[in-house]
Amino acid sequence: MIRKSLFQKLGGFDTKYEPAYYEDTDLSFKVRKAGYKVFYQPLSEIIHYEGVTGGTDLSTGTKKHQDINRSTFAETWAVELMTKPAIGDLAFLRQPLPGRKNILVIDHHLPMPDRDSGSLRMFQILKLLRQQLGHRVTFIPDNLADIPPYTGELKKRGIEVVYHPYVKKVRDYLISHGSDFDAVVLSRCDFARKHIADVRLYAPESRIIFDTVDLHFLREDSEARLTRDPEVRRKAQEKQQLEYQLIDQADETWVVSRAEQQLLQEERPDKSIQVVSNIVDIPGSSTPFALRRDWLFIGSFQHTPNIDAVLFFVENIYPLVSERLRDAKFYIIGDKPPPEVVALENERIVVTGLQTDVRPFFESVKLSVAPLRFGAGVKGKINQSMAFGVPVVATSLAVEGMELTDHENVLVADEAQDFARALIQLYESEELWNRLSKNAIEKTKAMYSVSAARKRLRHLFSDKHFDRFRTSELKMLTSKLGPRSNRPRQRVS
């Protein structure tokens, strides 16, 4: 695609390439020489029946001009071609700009930001690193699956995505490309465990960052306390041991809240523990209280705490509010609701399933609920609601680590009657609703906005930060070896 005026100004296709071959490549070089840029769109697809027009025999017919015109093109642009990399040499694609890094990210699958909070956070991190901070970013899903449209959503933002069939194993990619990277981010403990040894072996110069997403052992421990199930307790202890092993092996660990950071720093004071929390766009509120009705719950049902929360709410809290709020509907939004959640649907409880665009719901409801009884990390459902200026009624566990204040930017209640009372109060009080809505947006801007995350990630991938911890790690290694005079001397025979 080219402007007609520019095409004519450059003389169109040069007739010396008649009848065909290299006229388009020649045009691209003329466009650049005239001071314009030429862009390649990797998501475009062309079906080409090779040889149908010109044949496939390079020695006869139209096809013979492919070799003839290649020589003509090479002679015409000899000076410019001297500055270009050799055919097949892709090293220039992996050279970061000065002060920027080559970053590899490995997660369980492609981020699906319309489906779950963890995916949204990862998608935002990748976008920030590439588009706003200028780093070269490569993403590998552990399952190596190419899942449209999510692969394209990364590619068109300049993020390289590695997947099957081009790579058969993550290890194969690390063997051939590991030395290219300055940093490798391993997301989630089960997948960090799977790849950390290979990363250390094949990317020895890279800074390894273990991204917990949330501390899984805290989630399982809270479930164990709720259910009093000894098997869940045992799994929580195993997960805790695994996560601490990964923290020890990694150069840096990311958590999503200052509460989790403080916990790990107390256990591992010599390790770099950094907060990279949830990241949300903040559309704010455009619909006034008087024009709103109903409430919602949002969350992926592949996440067990969300199933428990909805069932607990409908069985224990909903009966206490349904009589008072007879005209209100309760929307249950989320990917893959199980049969027991689908069975809750009636005239006033609507199970919507996955909604790729949740804006219409947040622009019309009065509030959202987060009746979580176990879990860990910062809850994306609360971030998302607050970003839309929709106040939240939540349990104390749901707001854990989020630095929120009851009756200032959220309502907090744990017992069923208290939760129902708070929901009704918020649903009916315009003054309370306006105060919570305004404060929720301000709090989200301060802690969970794109601008706050950009500032944080700029620091974490700065040369200053890298050098600081490289120096401290060297000092730790030296102290473990002890002073030179105390080291055992090699005997010389």
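What follows is calculated from the coordinates using simple rules that are stated; it is not laboratory data. Fair warning: this is a prediction, and the values are worked out from it, not measured in the lab. Cβ: placed from backbone, ideal geometry, glycine included. Neighbour counts: every protein chain shown.
What to note about this one:
- Per-residue extension of 0.36 nm, minus the Cα-Cα distance of L58 and Q425, leaves a gain of 124.1 nm for this segment.
- Cross-link partners of K329 among lysines (Cα-Cα below 21 Å; sequence separation of 8 or more within a chain): K366, K381
- The structure-derived value of Cα extents along the principal axes in Å appears in the list (i) 68, 57, 43; (ii) 85, 81, 38; (iii) 133, 73, 32 under the label (ii).
- D281 versus H459: modelled label distance in nm, points set 7 Å from Cα along the beta carbon direction: 2.7
- Based on C-alpha pairs under 8 angstrom that are at least 6 apart in sequence, the chain has a relative contact order of 11 percent.
- Extreme residue, positive dipole direction of the chain, given options N69, Y49, L144 (C-beta unit charges): N69
- Estimated FRET transfer efficiency (E267, L93; beta-carbon r; R0 51 Å; 0.05): 0.80
- Region 80-131: C-alpha gyration tensor shape, a/c 1.5 cut-off, then a/b vs b/c: prolate
- Net charge over other residues, Cβ less than 15 angstrom from the Cβ of I68 (K, R count +1; D, E count -1): -3
- Rounded to the nearest 20 debye, the dipole size of the chain about its Cα centre is 1920 debye, using +1 on the Cβ of Lys and Arg and -1 on the Cβ of Asp and Glu.
- Region 283-323 shape via C-alpha gyration tensor axes, a/c threshold 1.5: oblate
- Global geometry of region 282-424, whether rounded, prolate or oblate, following the gyration tensor of its Cα atoms and the 1.5 cut on a/c: rounded
- Along the chain, longest interval not containing exposed chymotrypsin sites (Phe, Trp or Tyr not before Pro), exposed being DSSP loop plus at most 11 other Cβ atoms within 10 Å: 167-493
- Phi-based couplings in Hz for region 374-390 (Karplus 6.51, -1.76, 1.60; Gly and Pro marked x): 8, x, 7, x, 8, 8, x, 4, 6, 3, 4, 4, 5, 5, 8, x, 9
- Counting only DSSP H runs of at least 4 residues, each contributing -39500 (n - 2.57), and dividing by the residue count of the chain, the helix-based mean residue ellipticity at 222 nm comes to -12500 deg cm²/dmol.
- Top positive-direction residue, dipole computed over region 184-343 with Cβ charges, set A309, V276, F210: A309
- Separation between Cα centres of region 263-322 and region 168-204, rounded to whole Å: 32
- Neighbours of K169, meaning other residues whose beta-carbon lies under 15 angstrom from its beta-carbon, give a summed charge of 0 when Lys and Arg score +1 and Asp and Glu score -1.
- Considering all C-alpha pairs of region 216-279, those separated by over 17 Å amount to 45%.
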